[in-house]
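What follows is calculated from the coordinates using simple rules that are stated; it is not laboratory data. If you're wondering where the values come from, they're calculated on a predicted model, not measured in any experiment. Here the Cβ is made from the backbone with ideal geometry for all residues, glycine too, and neighbour counts use every protein chain on show.
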Amino acid sequence: MLEVFGPDGLIARAHPEYEHRPGQIEMARAVMRAFEEKRHLIVEAGTGTGKTLAYLVPAVAAALGGNGRVIVSTGTKNLQEQLMEKDIPFLQSILPKPFSATYMKGRSNYLCLNRLARAQSAPVLEGLDEVDYFEEVCHWSRASETGDRAELANLPESLSFWRHIDARSESCLGQKCPDFDPCFITRMRNRAQEADIVVVNHHLFFADLSLRNGNYGSVLPDYTAVILDEAHLVEEVASEYFGAQVSNYQIEDLVRDLGMLTFEDAGVDQELTHSLARMSRFSDNFWMGFRDGRGEEGRYPIIPGTFARRNSDGELQATPLGELYMALEGAIARTETTLDALKDKPPEIEALIRRLREIRFELEFIVTGTDKKFVYWLERRNRGVFLRASPIDVAGLLQDKLFEEVPTVVLTSATLSSGGNFAFIRDRLGLDMADDLIAASSFDYESQAILYLPAKMPDPREREWTRAATAEVIRILNATEGRAFVLSTSLAGMQSLYDNVWAEIDYPCLVQGSASKGQLLKQFRQTPNAVLFATSSFWQGVDVRGEQLSCVIIDKLPFAVPTDPIVAARQRSIEDSGGSSFYEYSVPQAIIALKQGLGRLIRSTTDRGVLAILDPRLRTKGYGRTFLQSLPPCRVTSRIDDLASILYAD
């Protein structure tokens, strides 16, 4: 590895500003050993380690050495783009042997040529203003090599008709499609089949893993190794794809696609029209049942007895919502039977029958709700209602489908350990048999950062908290001359701090929600002494280097919301097994989240900054010591005057 990463190595000769990083070499050697010995590996590589090149170089060597294709999966779009636009081209320019790489996105990012052709004769536009947009998409479809929605940069992000023409798997006809050869998904897969390195995101990777060996949906080519970057996100993403989901949008799309069918047999045409009318009506009634009461957005558990309860005789009896479900299920079944009875069915109808069956199966699984390994919940978002069943524990699923099937899996992130070990991530992901490494950062936190903990703060659950937190934020921002992220664990907390602080300081203030994330970051970088108030969406995947971001203030320890149905189910499962959900789940999960938030601050060897945590539990609770031991080793102070010693040191 020294010939690549050493002081006189290939990278140093090609990159004048390259810094020799012992932690990077240590990580690269560990990854190479995992490939050679066909073992799994967990690596925490903090900011400044150079982890991307530390895993890419061994991955390229393994692929070119005959070990087979390597998948690199990332948690954020930003990192996926960095790999394809910066890191991989750089390595292709300096490594002695050529290698090929490509990226793959989720199917809904790509245009379906078959659906586009059908949409040209169907009402998919919601307004006259979209006519020009649709024409532009049609023109682009004839010139594009990839069919990637991202190429339409001049069009609005929220094209209402895109979901009617994208290449989602449930509407795919596969090899029976007349547009199979020119299909953008086919082309994407062909590029991937020829590539040594394939870059994907976690959503696509786990969607593919959940469907692998099935008849439909598998997109990724075969691989012998996978690198999961930003692996702290794996449990959440995996649980999404190993579960079941049905939404009102799915049924609306299905009814619309079925409504486009026409038959020469007037009797069949009439029967289908009647079936669809019933299906649409019963679907509307069913979903309206979840908007009763307050109907607020958010995630809520589906309580046992929602669809059926036992009467006085002990017999199960459908509730009003259960009766609405049975009516909808009957309407879907009737439509399925009508289509299934047709002779010599074309591929389009076979695909629609499959979609009807999948919705019936998933809806029945969620409504029945008898599998104790799953948590059943609903989410309200805008006008959408999503019913979901998620596995409480993905460890066994990942063992069976990933760790026992793939010879080498490397999991890496800047934040995977808590309390100096990987016990939490091993337990949550089922990684008993894996090597591990905490790679040393090249940053000198002792001289680059200071951790400020206020001397006196009330408990965050007390009424005095907001007033005290406001006063501390104002003191800190005045000491740092703005140049800060103020990160809250909730939208309400963020809004409260913003409302109370902005008029009391002389620095320009930005707040999450006032513009897009990208626009806010651009404004922050370009505005001297700016202060950005935000929540968890700015805790990761955000990179602001230099003096512009000199302070990160976090209001409370980021414990997961205990009322969230998935969190509550995981905690209950641990308690039922005789464990402590607080110390085995809540504390390590919060430590990893806190490290992500604080990781926004020091992004280079020349950065200096203040980490401020307003939560007094770091000092007043026994578990606070574990939090502090998990943070970067920097000086700790309760004196506001000490902040200048870091920010304005010579």
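In percent, rounded to a whole number, the relative contact order of segment 456-574 is 33, using alpha-carbon pairs under 8 Å and six or more apart. Using only Cα coordinates, the Kirkwood hydrodynamic radius of segment 417-553 works out to 17.1 Å. Each residue of segment 363-376 was assigned a 3J(HN,Hα) from its phi angle through the Karplus expression (A = 6.51, B = -1.76, C = 1.60, θ = phi - 60°), giving 5, 5, 4, 6, 5, 5, x, 9, 7, 5, 7, 10, 10, 10 Hz with x at Gly and Pro.
Note the listed values [x] 186; [y] 287; [z] 200, then indicate which one is volume of the Cα convex hull per residue in Å³ calculated from this particular structure. Structure-derived value, by its label: [x].
Take every DSSP beta bridge with both residues inside the chain and express the antiparallel ones as a percent of the total, to the nearest 5. Display every interim value, and only then the final one.
On the way: 22 of 70 bridges.
Looking only at bridges with both residues in the chain, the antiparallel portion is about 30 percent.
The relative contact order of segment 244-388 comes to 38 percent, based on Cα pairs under 8 Å that sit 6 or more residues apart.
Listing 392, 303, 197 from the residue with the fewest other Cβ atoms within 10 Å to the one with the most, what is the order? Before the final figure, lay out the partial values.
Working: 392 19, 303 11, 197 27.
Exposure proxy ranking, most exposed first: 303, 392, 197.
Ignoring lysines fewer than eight residues from residue 373 along the same chain, the ones with Cα atoms less than 19 angstrom from its Cα are 401. For the chain, the mean residue ellipticity at 222 nm estimated from helices alone is -12500 deg cm²/dmol, where every DSSP H run of n ≥ 4 contributes -39500 (n - 2.57) and the total is divided by all residues, rounded to the nearest 500.
Projected onto their three principal axes, the Cα atoms of segment 445-647 cover extents of 53, 36, 34 Å, largest first.
When only Cα pairs below 8 angstrom with a gap of at least 6 residues are kept, the chain shows a relative contact order of 17 percent.
Any idea what the dipole of segment 580-650 comes to, in debye rounded to 20, about its Cα centre with Lys/Arg Cβ at +1 and Asp/Glu Cβ at -1? It comes to approximately 140 debye.
Beta bridges from DSSP with both residues in segment 445-647: antiparallel share about 0 percent, rounded to the nearest 5.
Counting only other residues whose beta carbon sits under 15 Å from that of residue 603, what net charge do I get with K and R as +1, D and E as -1? Neighbourhood net charge equals +2. Summarising the amide proton neighbourhood of residue 421: residues at separation of 5 or more, or on other chains, whose placed amide H is nearer than 5 Å comprise an empty set.
Across segment 339-350, computed HN-Hα scalar couplings (Karplus, 6.51 cos²θ - 1.76 cosθ + 1.60, θ = phi - 60°) run 6, 5, 6, 5, 8, 6, 5, x, x, 4, 6, 4 Hz from first to last residue, x flagging Gly and Pro. If one computes the Cα centroid of segment 165-237 and of segment 527-594, what distance in Å separates the two points? Here the two parts' Cα centres lie 31 Å apart.
Could you compute the net charge surrounding residue 274? Neighbours are other residues with a C-beta less than 13 Å from the C-beta of residue 274; K and R count +1, D and E count -1.
Numbers: positive: 278, 281, 334; negative: 269, 271.
Once all neighbours under 13 Å are counted, the net charge is +1.
Post the alpha-carbon centroid distance, segment 464-509 to segment 13-58, in whole angstrom. Centre-to-centre distance over Cα atoms comes out at 38 Å. Charged neighbours of residue 40, selected by a Cβ distance under 11 Å, balance to -2 (K, R count +1; D, E count -1). Relative to one another, the C-alpha centroids of segment 381-441 and segment 604-626 are positioned 26 Å apart. Close amide H contacts of residue 551 (hydrogens built in the peptide plane, cut-off under 5 Å, sequence separation of 5 or more or a different chain): 485, 610. Highest mean first, the peptides 373-384, 349-360 sorted by other C-beta atoms within 10 Å per residue fall in the order 349-360, 373-384.
Counting only Cβ charges, +1 for Lys and Arg and -1 for Asp and Glu, the dipole size of the chain around its Cα centre is about 980 debye.
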